[in-house]
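For reference, the structure discussed in these notes is given below.
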Amino acid sequence: MADKTQFGLTAVDTVPLHEKVYLELVRALMSGRFAPGQKLTSRKLAKELGTSDMPVRSAFMRLQALRALSPMPNGSVEVPVISAERFSQLTAVRTILEGSATELATKRINGNNLRAIRRHCTDLTLAARKGDIDDYLRKNHDFKFSIYRHCGNEQMIFLIETVWMQVGPFLRNLAMGFEDDFASILDIDYHEEIVAAIEAQDAERARAAIVRDIDEGAAHILQQARFPKARN
């Protein structure tokens, strides 16, 4: 229970509005809520977020600097449509960063952390069986970052997030090929193996499982999705 304050007041949230808006858009990109090529305007997003245009425009500028959004001539932005080559390059970066983060985290995760990771693992399995790509992508993001945030390296987490902002929209293509039986996506999903390795405190096996999960998902997307040849 929180300590009782002198006047019975509740602490005020000190996170600036523009930072909240930015973090909400970051999460939306990483969890695949925006599709590649989708046009976004500050007016529409501000209305949905219940804010003015200014914090949304500020977030747009920051995300453009990270190559997560591309500017349009009319002042709106676009979720980038990347080439297959760039997607493959980003996937290679993911395996290095996320493999390392998982290996480091496995050595640091304690009982309370492990219970939360198990819960995210169960939620991810249920989302796949339910056949909801939006929920699956949210749960996939939550599961993986419930591991990475225990790696003890904030700069590594920042780099992982930066890459995810670029590949997140393309993860929607994981649903392609599973239209008749979305639960079959679990055939290329190794989150349960990842958790088993973490439970055994086998950092090398946990790293191998997360890399296999990333690689097989990316291979499926490269096989199923259409990528442009000229754009980067």
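The values are calculated or read from the model by the stated rules, or taken from the named source; none is laboratory data. All of these numbers come straight from a predicted model, not from anything done at the bench. A quick note on method: Cβ atoms are made from the backbone with ideal geometry, for glycine too, and the neighbour counts reach across all protein chains shown. Remember, those area values only see protein heavy atoms, side chains included, never the ligands or the DNA or RNA. Shrake-Rupley method; radii C 1.70, N 1.55, O 1.52, S 1.80 Å.
If you roll a 1.4 angstrom probe over the protein chains with everything in place, what fraction of the accessible area of the chain belongs to carbon and sulfur, to the nearest %?
Answer for the chain: carbon and sulfur cover 51 percent of the accessible area.
Using only alpha carbon pairs under 8 Å that are at least six residues apart, calculate the relative contact order of the chain and give it in whole percent.
Values: 284 pairs, mean separation 63.4, N = 232.
Dividing the mean separation by the residue count of the chain yields 27 percent.
Taking the Cα centre of the range 104-232 as origin, sum charge times position over the Cβ atoms of Lys and Arg (+1) and Asp and Glu (-1), and report the length of that vector in debye to the nearest 20.
Working: 18 positive and 20 negative charges, 90 e Å.
Dipole of the range 104-232, to the nearest 20 debye: 440 debye.
Assigning unit charges at the beta carbon (Lys, Arg +1; Asp, Glu -1) and nothing else, what dipole magnitude in debye, to the nearest 20, does the chain show about its Cα centre?
On the way: 31 positive and 30 negative charges, 160 e Å.
So the dipole magnitude of the chain works out to roughly 760 debye.
Could you provide, to the nearest whole Å², the per residue accessible area of the range 5-151 with probe 1.4 Å? Walk me through the intermediate numbers first.
On the way: 7720 Å² over 147 residues.
Result: 53 Å² per residue.
Per the helix-only calculation at 222 nm, which mean residue ellipticity applies to the chain, given -39500 (n - 2.57) for every DSSP H run of n ≥ 4 and division by its residues, nearest 500 deg cm²/dmol?
For the chain, the value works out to -19500 deg cm²/dmol.
Whole Å is fine, so just give me how far the alpha carbon centre of the range 57-118 lies from that of the range 168-223.
16 Å
Using only the Cα atoms of the range 64-148, each taken as one equal point scatterer with no solvent, compute I(q) by the Debye sum, divide by I(0), and report log10 of the ratio at q = 0.13 Å⁻¹.
Taken in order of the listed q values, log10 I(q)/I(0) reads -0.64.
With +1 on the Cβ of every Lys and Arg and -1 on the Cβ of every Asp and Glu, and nothing else charged, how large is the dipole of the range 169-228 about its Cα centre, in debye rounded to the nearest 20?
Numbers: 5 positive and 13 negative charges, 75 e Å.
In debye, rounded to 20, the range 169-228 gives about 360.
Between rounded, prolate and oblate, where does the chain land on the alpha carbon gyration tensor, with a ≥ b ≥ c its root eigenvalues, rounded for a/c under 1.5, else prolate if a/b exceeds b/c?
Values: a/c = 1.70, a/b = 1.04, b/c = 1.63.
Taking the square roots of the gyration eigenvalues as a ≥ b ≥ c, the chain is oblate.
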